[in-house]
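Step one of this worksheet: look at the structure below.
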Amino acid sequence: MKKIVMSVMLAAMTGASAVSAADLNVAMQDDPDILDPHRGNTFVGRMVFGPMCDALFDIDTALNIVPRLVADWSWSDDETVLTMNLRDDALFHDGTKVDGEAVKANLERGLNLPESNRKAELASIASIDVLGETQVAITLKAPDAAFLANLTDRAGMLVSPASFDTAGEGGLVCAGPYKLAERVQNDRIVMEKFDDHWEADNYHFDRVIYRPIPDTTVRLANLQSGDLDIIERPAPSDMAAIEADDSLVFDIVSGLGFYGINFNMGNGERSQNPINQDARLREALNLTIDRNVLNDVLGMGTYPPAYQPFSSASWAYNPEFDGGGRDIERAKELMAEAGHESVSFEILYANNTAMQSLFELVQAMASEAGFNISLRPTEFAAYVAEREEGKFDASQFGASGRIDPDGNFHRYLACGSAGNVGHYCNDELTDLLNQARVINNVEERKALYDQAQRIAVEDLPALYFYYTPRTWGYSANLDGFVSYPDGVLRLSGLKPKN
Amino acid sequence: MVRRLPVQESFAAVLKLIVRRILVALPTLIILSVIIFGLQRLLPGDPIQTMMAEQSDPEVIEILREKYRLNDPLPIQYLAWVGNVLQGDFGSSLRTGLPVTEIILQKLPITVQLATMAMIMAMMVGIPAGILAAVHKNSMIDYAANAVALSGMSVPNFWLGIIMIMIFAVSWKVLPASGYVPITQDFWLSIKSMLMPAFVLSTAVAAYLMRHTRSAMLSVLSSDYIRTARAKGLLSKTVIIRHALRNALMPIVTLATLLFGDLLAGAVLTEQIFVIPGFGKLIVDAVFTRDYAVVQGVVLFTAIGFIAMNILADVLYIVINPRLRHPQ
């Protein structure tokens, strides 16, 4: 026994871990849900699909839509028919060709599979016609400005039709540069290089291993020890440690998502709270929040102040709606105008360190003008349920952000939208947002979003506090790391330095 | 023939005991299954809504609720679940779609390896330390062993874990900071990756074992038969190991098997820090996402494991203490 134990100890103390140089180890914040692009829900799921499931389109770092499995495409004059020519050298991991029939089968699966979460993204499709082996025409019911953007994400990812029945149960077969090798829930998702991929030469790792590591300290320690090559979303407080370490690199780009609060404008009894009844009180609250302090204290300078649903990474962003510094005197005046010396309300939020710190700061800042905010942290599942049921005065409001502005605005503030838990409804604003959905011209859409924002600034159904940056820590031994505003890792061109 | 009779007798006694204990365990399991099922349903929050979060499409939510029978009355849901479990089907994870049986089978070797390594480490330290402390009662050795045991019980696992990662993985780079390598894939790397987590887990267990060994040994060492053994002129080592320890082991075996059962149920913090995909983290994540099937399956499975450990403890009693083979 003694001998065994000694040899175990000896073996442990000698030699480093036997990780092959051809492995890329990436840590994510959470474990993804179901590995089927048509059914998946989570942001980390999108990260994992990235290397495995090529989509019809992709984005570049400036959020322009670029072709991926599509070679070229064109719109009809009335912008209702999208004709796509596919690459003729793309294969699924099972060796079958990515052809027009496969595209049609996938889009139909996204539309018709009962548990599909892509229905809303593909809802504008009227018909799909396969014109040739590599040519497909999609006819839309009406022009849909967000349609191409949706096809850059899970709605446009192609799964081999032969694996439709097994995709969600660990048998995902896609057409990306890496294929699924193994998944151990809560531990790792292992992908192996797909040598027959049309761009295989640009992918330099034999295996890519995604590991869910929720704790930021543990993620960082594993990066420092060399067990990991890339970590996503390091804590802002760890930024200094990464930057001070010569063997590591810190990377940040503006993201598309935001955090703030939304008000219960019409979802049950709680909408009767004065803060939800009088826009002057919400404006007063808005004036008490110093976004720069939130940025400095919570984000260590990485949380850009937010005043609107679009970050500066989006073309719909308009600096006109930014600013309005902190003004406690004006806030007090507004409260007096509304007939209140002090206003009490509760903020409901999901219990985690980041949100706890955010709302404690908000609570303290707002108290200076006479707001008496009570905080109600609950665990995530309860938070989701309470919001749906209207059991809140104001609640945490966050979105991971979409490439097309529609996904950041319409889904949360248009009348009856699925994400509009506060049941805010302004017909004029909804009408503008609906109009912006069916026009492809960016200038015209931007004008509509500007008009809609003017209404939102008056009504204030929500306040935006900061944009979520896309941050990364990675080994200085990596070459060719490029970060994207959508926070999804793209491995093309990424390689070890030596 | 005459000499084999007691063996046969004791075998029959063990068998009888096991059967009796299994029969007693059945109602426990039934009550437990109701509790596991019911407690989760008392929590606020809906599994499908939680899973959908940003994506919430009412139509899809309804389809999924139907698919997972969440719209059925609770007793019907319970009976459907029990019916499937009796046929060996624990259902599928709501979140990942993977079969719960497959998830359990993936995690089981990991949890068993971690628990076994932690238990071996704890026993190697805790029992000898307890014996030494008892033999040298009120000496420096006793005080030191007690102090170490107290700190083993008091040091938080997450703190010790992070400190160990910083020293052994980040600074010295002699051990991997995290992760699990299957023992079948690379034996030494597997042992190596489990050393730190097993050590962290073993600290509290070793402390409990040390304290219990010490008090059990103290009471045995003051017995008449030990004095007799010493009076016979036996070597001190023989008296302690053969006469005292064997009798003192009874309560220690009970404790060790119960602690092992505890370890098998998972160690949330240690698993979290060392990113070990064991039962603990699985259950906690599943509770937070309201992944009913996973929570029910894993808790039921570990409960069965715990009951099995209790039966094992009873069997070990009989092996250690021949008097128990003759109930009369």
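Only the coordinates and a few stated rules stand behind these numbers; no lab work does. Remember, predicted model here, so these are calculated numbers, not experimental data. A quick note on method: Cβ atoms are made from the backbone with ideal geometry, for glycine too, and the neighbour counts reach across all protein chains shown.
Computed from backbone phi, the HN-Hα couplings of the stretch B:296-310 come to 4, x, 6, 5, 4, 4, 5, 5, 4, x, 5, 5, 4, 5, 5 Hz, rounded to whole numbers (Karplus: 6.51 cos²θ - 1.76 cosθ + 1.60, θ = phi - 60°; Gly and Pro given as x). Divide the volume of the convex hull around the Cα atoms of the stretch A:48-179 by the residue count and you get 105 Å³ per residue.
Near B:ILE252, within a Cβ-to-Cβ distance under 13 Å, what is the net charge of the other residues, with Lys and Arg +1 and Asp and Glu -1? Surrounding charge for B:ILE252 is +3. Listing A:LYS495, B:LYS137, B:LYS237 from fewest to most neighbouring C-beta atoms within 10 Å gives B:LYS237, B:LYS137, A:LYS495. The alpha carbon gyration tensor of chain B gives principal lengths a ≥ b ≥ c with a/c of 1.5 or higher and a/b no greater than b/c, which makes the shape oblate. The long axis of helix B:140-154 is offset from the longest Cα principal axis of chain B by roughly 10 degrees.
Here's the list of lysines a cross-link from A:LYS179 could span, going by alpha-carbon distance under 20 Å and ignoring same-chain residues fewer than 8 apart: A:LYS97, A:LYS193, A:LYS495.
What do you get for Rg/Rh of the protein assembly as shown when both radii come from the Cα atoms and Rh is the Kirkwood radius?
On the way: Rg = 30.9 Å, Rh = 30.0 Å.
Radius of gyration relative to Kirkwood radius: 1.03.
Listed values for the stretch B:261-268 are Karplus-derived 3J(HN,Hα) couplings in whole Hz (6.51 cos²θ - 1.76 cosθ + 1.60, θ = phi - 60°), namely x, 4, 4, 5, 6, x, 10, 4, and x replaces Gly and Pro. Projected onto their three principal axes, the Cα atoms of the stretch A:232-324 cover extents of 55, 27, 23 Å, largest first. Neighbouring Cβ atoms from other chains, within 10 Å of the Cβ of residues in B:166-179, number 6 on average.
Taking the DSSP beta bridges in the protein assembly as shown as the whole, what percent of them are antiparallel, to the nearest 5? Approximately 75 percent, going by the DSSP bridge assignments. Taken residue by residue and averaged, Cβ atoms of other chains lying within 10 Å of the Cβ of B:84-94 number 1.
Between helix B:187-221 and chain B there is an angle of about 50 degrees, using the helix long axis and the longest principal axis of the Cα atoms. The three principal axes of the C-alpha atoms in the stretch B:63-216 carry coordinate ranges of 68, 39, 27 Å, sorted with the longest axis first. Taking Cβ atoms as reference points and 14 Å as the exclusive limit, the residues near A:MET28 contribute a net charge of -1, counting Lys and Arg as +1 and Asp and Glu as -1. The local environment of A:HIS423, defined by Cβ-Cβ distances under 15 Å, has a net charge of -3 under the rule Lys, Arg +1 and Asp, Glu -1. By definition, a body whose alpha carbon gyration tensor gives a ≥ b ≥ c is rounded when a/c is under 1.5, and the stretch A:52-122 falls into this rounded group. Taking B:GLN296, B:GLN113, B:GLN185 in turn, the Gaussian network model of chain B (Cα-Cα springs below 10 Å) assigns the largest fluctuation to B:GLN185. Taken residue by residue and averaged, Cβ atoms of other chains lying within 10 Å of the Cβ of A:110-119 number 3. If I fit a long axis through the Cα atoms of helix B:58-67 and take the longest principal axis of the Cα atoms of chain B, what angle between them do I get, 0 to 90°, rounded to 10? So the helix axis and the longest Cα principal axis differ by about 50 degrees. The packing ranking of peptides A:32-41, A:415-424, highest mean first, is A:32-41, A:415-424, where packing means the average number of other beta carbon atoms within 10 angstrom of each residue. Shown here are the Rg and Dmax of the Cα trace of the stretch A:361-418, at 14.4, 39 Å.
For A:ASP290, no residue 5 or more places off, or on another chain, has a built amide H under 5 Å of its own.
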